[in-house]
1. Cβ-Cβ below 6 Å, separation at least six or inter-chain, first residue in region 63-80 and over 14 Å from F20 (Cα atoms), second in a helix (DSSP H, G or I) and small (G, A, S): which pairs?
2. Out of all the residues in region 39-68, which are within 13 Å of the chain's Cα centre (by Cα) and either surrounded by 13 or more Cβ atoms within 10 Å (Cβ to Cβ) or under 20 Å from Q78 (Cβ atoms) (or both)?
Amino acid sequence: MTPTKPHVRSKRDDDLVLEFGNRWAVFGGGSAEDIFVTFGWTEAQYFERLKVLAGRRFPPLDDTLRHRLLAVCAERLQRTAHPPSSASNGHVDDSASRPTVRPSPT
């Protein structure tokens with residue numbers, strides 16, 4: 001079995017990350033599915049890379065876009081680190097407060 005080489009990032013890869021980020025920034029970033037299909041990365045991997053790229057001064061980004069991308073990264077990384085509980089989504093697990101129904105012996 002041949003060991004696989006680690007993925008080497010290229011300027012083209014970085015340009016694609018920034019382009020995708022720019023396209024989706026107004027919507028709060030792309031969906032986890034779109035990120036995975038496009039890059040083969042998890043949300044966290046993508047937004048960590050975008051944060052690094054947007055934080056650099058050399059990419060041709062205006063300050064407004066740079067700040068928007070960094071804000072989207074911060075929000076999405078916070079969300080992936082601390083996903084909302086089901087109760088905050090309107091779902092309440094009240095199974096512990098309901099009595100358990102047991103079949104009667106026959």
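What follows is calculated from the coordinates using simple rules that are stated; it is not laboratory data. For clarity, every value in this text was computed on a predicted model and none was experimentally measured. Ideal geometry is used to build each Cβ from the backbone, glycine not excepted, and the neighbour counts take in all protein chains shown.
1. Taking only residues 6 or more apart or on different chains, the pairs are T80/A44.
2. F39, W41, T42, E43, A44, Q45, Y46, F47, E48, R49, L50, K51
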